[in-house]
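The values are calculated or read from the model by the stated rules, or taken from the named source; none is laboratory data. Treat the numbers as computed from the prediction; the structure is a model and nothing was measured. Note that each Cβ is placed from the backbone with ideal geometry, even for glycine, and that neighbours are counted across all protein chains shown.
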Amino acid sequence: MEAYNPNPTVYKSAKTIRKSGAKEGSLWLVEDEENIEDSDEVEPLDQDEIFDLIRSITDPEHKHMTLEDLMVVSAPQIRVGSNLVDVEFTPTVPHCGMSTLIGLSIRVRLLRSLPQRFKVDIHVKPGSHQSEHAINKQLNDKERVAAALENPALLSAVEDCLASAGLRGERLE
Amino acid sequence: MAFSGALTLTDLNDYITPSQACIKPVEQLNPVKEAETEPGAASTAIRIDSGGAYYEVSTEDTSRFSAKKLEPAQISLNDCLACSGCITSAESVLITLQSHTEVLNFLAANPPPSDPAHKVPVLSVSPQSLASLAASLASSSSSPRPIPLPQILARIRKFAREVLGFEHVWDTTFARHLALLEHVREFRERKAHSSSAGSGSGRDDVGRLPMLASACPGWICYAEKTHAEMLPFIARTKSPQQVMGALVKYWLAPKWGKRPDGVYHVALMPCYDKKLEASRSDFYNEQYHTRDVDCVITTGEFERLLREKGCDLSVPVPDSEEEEGIPDLLEHRGTSSGSYLQSIIDALSSSPSHPQDGLTLSTSTLRADHTTYTLSARASGSSQPVFKGATCYGFRNLQNVVRRVGREGGAYDYVEVMACPGGCVNGGGQLKPPPALDGEGKAWTRRVEEAYWSPSSEAASPQEKRARADRLAARVLAEMCRPDGEYFRTSYRAVESEVVGLAVKW
Amino acid sequence: MDVDLPANVECVAELQGHDDRAWHTAWNPTKPILASCSADKTVRLYHYGRNDDEPDPGSISFKHVNTIQTGHTKTVRAIAWSPSGRTLATASFDANIGIWEREGAEEEEDEDGNPSHTVHSGEWECMSLLEGHETECKSVAYSSSGNLLASCSRDKTVWVWEVHPDSDFECMGVMMEHSQDVKQVAWHPTEEILASASYDDTIKLYIDDPSEDWFCFATLTGHASTVWSLAFSPNGRYLASCSDDLTIRIWERVEQYKWECVEVIEGVHERSIYSIAWGTGEGRKGEDSLGWLASTGGDGKINVFEFHAPPTTSETSGTRPPPSHHLLARVTSAHGVHDVNSVSWCPRQGLRNILSTAGDDGIVKVWKITPPKES
């Protein structure tokens, strides 16, 4: 069977917005977490920081491109509350069968990077996918997500996508 | 990508249903060269036309618009057999290889008989399909009595020959007769082996006891995909459909001066999973590139075909002469799912080691679709069980078979296992209940069961007919004798799940 | 904690030990044992008892006595005790159900006295493994008689097993009624009525037709998203359900086979409501008390409602008003910043104001609800 979107539109990557917090390439932002957890007057996270965490996740179907390259994720599509992060993403095509995997990768990335106090909601851009409701529901069902991450084949697909996440906007070699 | 129109899941809550949507995506590892190009310089995009087809279009230079149509994905039934994504059920896949339109397309394209490329079209009809059609006709007519199956067969024969262009139409009961003979033979082999080798050391090349019926393709698929430990217990005897396939392609075809691929063989069956069965590689002849059964259509699909062709099965036809070659509608007492258990009980009862009056049969229905049969011999005043068998139909009972056989094994000698509650008369491919019985699936199944057993008003006595069938069977077995003796046996193998991360449904 | 609520809530135990998210807890109905299960694939067993000594007479203390390494290859999602208290069932994401009993369990039948020495000894053994589900098993429940066991899974099916002697089980029914993932199964407190809650937003109710099979006799619709959990009222007349739509619904049995939604409780949780439990409660209870309903979820809150039967009206007036309810107690951030995955009431006499919760922090907490003495 073929790819859902064999030839997606590729967008030019924005310049790296900023390099804050974690070490380059680190999947676990331990420093960040401690900083934030330990202090009451933490510098609140903003959408650019969240974007920085997820921009370089590899697209599962196009192994040489990131979610940023394909404009699947962007900073303006992220909202940050005091204990809440809401990430919207845009599948490249409305029938994209990889959308749940992309969403899952984003969720796992944030799960591993953000302080535990953050609840994360993930959804596709309204009107961007024919199974919008189903995808949103699945991505925000913690039990489904927990079980998914116990599936070795699926976890390895997620890890493949996340291998590049630490680049945070740097180009893939 | 439309399902066959006749295809709907019934309201019965006991079917083995597909568990996961079928998707087999492929990672696209783009060539390195492309990766070097500047991001943002995308060269193509996908457009979808009004018909839903996908086109790859260049966006690089809009003045030089070019579009290449992309092929839609194809999934064959063979893919389904090799994948453990769904437990079974042809119902969940795109049945394009084996549909009634496929049959019509073939018949339309078949060159005339004078042409050497002409294939002889043969239709084989299951008795359960006849019963379904009979019950359906009875429910839509004022006559309370169901039409006898020979009359239904005669009407189908007329329609299939005159309207569709089939050259031969038989029912599959003679093939079942052969299958039952082979089944009994296999049971005796296993019994002899298990008593000579002692329990526990059952060699898997002979097969173990209890022997489990092999005619239900839903059960076979389920066992291969999720209970490989059951495979040594499952009879290796082919199902009547596949015995019929062997008969048509390797016994009848030579008589017509045809090679196996010179015959196009269609089976009319009560069950969608029969399509999967026909697609198994075991029933494909590499040399002639042909299947023993080329195409399986369900009773529901056949009814749709009748409607499309404007044919009315309620119109009586003169009772036809039997077609030469194979006798019509042999009755095998027992169950409407093929009488496998009964044939073994009958064989044991009539065997010389147990004079018939020495054996008594007791039955006990434990719950719906689960009945046990115990044959006991009277020896020195006390009654000693010599054979224990059971019929177990439906997914629920099938679970208990799997549990029991896996655990204790020895409780039964034989189990007639079928995946559908009510057995084959209630197959997934049968006609749906008439509106009056909507939601009364079980009542409808009883009607089909009655039609299945409705007496035929035939001249020949059953004994006479049976004796004739036995003589013919002996001839067939002698003529089809092959060194490996495998015309009527097959084999099974566990399907290992091949998990592709991208395709995992979660 | 909200000070203006009538009852006082106190955390009486904080049980650490799971290495991963704690999903569920279950109180043994006959022995002073609390069990919990986790993504770490273990079940932890705690013995508890009243301290009659100083410094805190009447308080309850918990002691970890056993950890069952279940052998499940994935998360143990839910657990259930048989009514006899002798058997524990585990439902795992590995699609199997484990049946556990303690070695030599027959010898000790010390009911309420001083059971410390009876709980400590004996290894827990897997007596049986129920296979059949294709994907993650989400919940398991024993019927009130203990003769039946139900389970459900993401494979959309609900199974009913008959419990036979010697840890043998026979499959009595496989119901393929839901169109999606089935999240929980719950039995009616006295009759053999089974309820299931699903990702397809519905609740289904099943009974047995002895001559045929188990079948679904009612589908309850109304929730706008996943139904996570179900709880029958102790008197069996009501069924409570909670959902990702942030509501709790109360369904009443209006006829033998007919259940209707009579109440929707909104605005008490801000994120998905994962679990509810309905117990009789303890202490001051009028004739009309329907018990206490506890709910919890992704917002980390625990709410405890008290329910009262509606005033009896003349039969001729037709519609009966819904049962009344009021918030008895509330805990916010029960497990800190973490989600709370389940809540369950202790069923044992004198302790029915005790409830346990399991959180994403891997901790099991035990809470005591103390209603005001007077009025």
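Observations
- Picking from residues in the stretch B:148-167 that are in contact (Cβ under 8 Å) with a residue 60 or more places away in the chain and touching a Lys or Arg at 6+ places or on another chain (Cβ under 9 Å), the one that is farthest from B:HIS118 (Cα to Cα) is B:PHE159.
- For A:ILE135: the one exception among (1) β-branched (Val, Ile, Thr); (2) under 13 Å from the mean Cα position of the chain (by Cα); (3) within 14 Å of chain B (Cβ to nearest Cβ): (2)
- Considering B:LEU231, B:LEU276, the condition of being touching a Lys or Arg at 6+ places or on another chain (Cβ under 9 Å), within 30 Å of B:VAL417 (Cα to Cα) and either hydrophobic (A, V, I, L, M, F, W, C) or at pLDDT 95 or above (or both) is satisfied by B:LEU231 alone.
- Meets criteria (away from chain C (no Cβ under 13 Å), closer than 18 Å to B:GLU224 by Cβ and out of contact with any Gly (no Cβ under 9 Å at 6 or more places or on another chain)) for B:VAL425: no
- Condition check for A:PRO152: surrounded by fewer than 17 Cβ atoms within 10 Å (Cβ to Cβ), out of contact with any Phe, Trp or Tyr (no Cβ under 6 Å at 6 or more places or on another chain) and within 9 Å of another protein chain (Cβ to nearest Cβ): yes
- Residues being modelled with pLDDT under 85 and of a type in the set (Phe, Trp, Tyr) - total across the stretch B:343-394: 0
- The residues listed here are B:ALA460, B:ALA494, B:ALA451; of these, the one that is without any contact (Cβ under 8 Å) to a residue 60 or more places away in the chain and either in a loop (DSSP other than H, G, I, E, B) or under 25 Å from the mean Cα position of the chain (by Cα) (or both) is B:ALA460.
- The set of residues in the stretch C:236-271 that are within 14 Å of chain A (Cβ to nearest Cβ) and out of contact with any Phe, Trp or Tyr (no Cβ under 7 Å at 6 or more places or on another chain) comprises C:ASP245, C:LEU246, C:HIS269, C:GLU270, C:ARG271.
- Matching residues, the stretch B:240-271, being among the small types (Gly, Ala, Ser) and within 16 Å of B:GLN98 (Cβ to Cβ): B:GLY245, B:ALA267
- Here the stretch C:31-46 is the region considered, the condition is being charged (D, E, K, R) and either away from chain A (no Cβ under 14 Å) or touching a residue at least 60 places away in the same chain (Cβ under 8 Å) (or both), and the residue that is nearest to C:ASP20 (Cα to Cα) is C:ASP40.
- Any chance A:ALA146 is aliphatic (A, V, I, L, M), over 16 Å from the mean Cα position of the chain (by Cα) and within 14 Å of chain B (Cβ to nearest Cβ): yes
- Entirely in the stretch C:54-102, the strands (runs of 3 or more DSSP E) that have 1 or more residues that are over 13 Å from C:MET127 (Cβ atoms), in contact with a Gly (Cβ under 9 Å, 6 or more places away or on another chain) and away from every other protein chain (no Cβ under 14 Å): C:59-69
- Restricting A:ASP52, A:ASP69 to those that are at pLDDT 90 or above and away from chain B (no Cβ under 13 Å) reduces the list to A:ASP52.
- Entirely in the stretch C:140-213, the strands (runs of 3 or more DSSP E) that have 3 or more residues that are within 10 Å of another protein chain (Cβ to nearest Cβ): C:158-164, C:168-175
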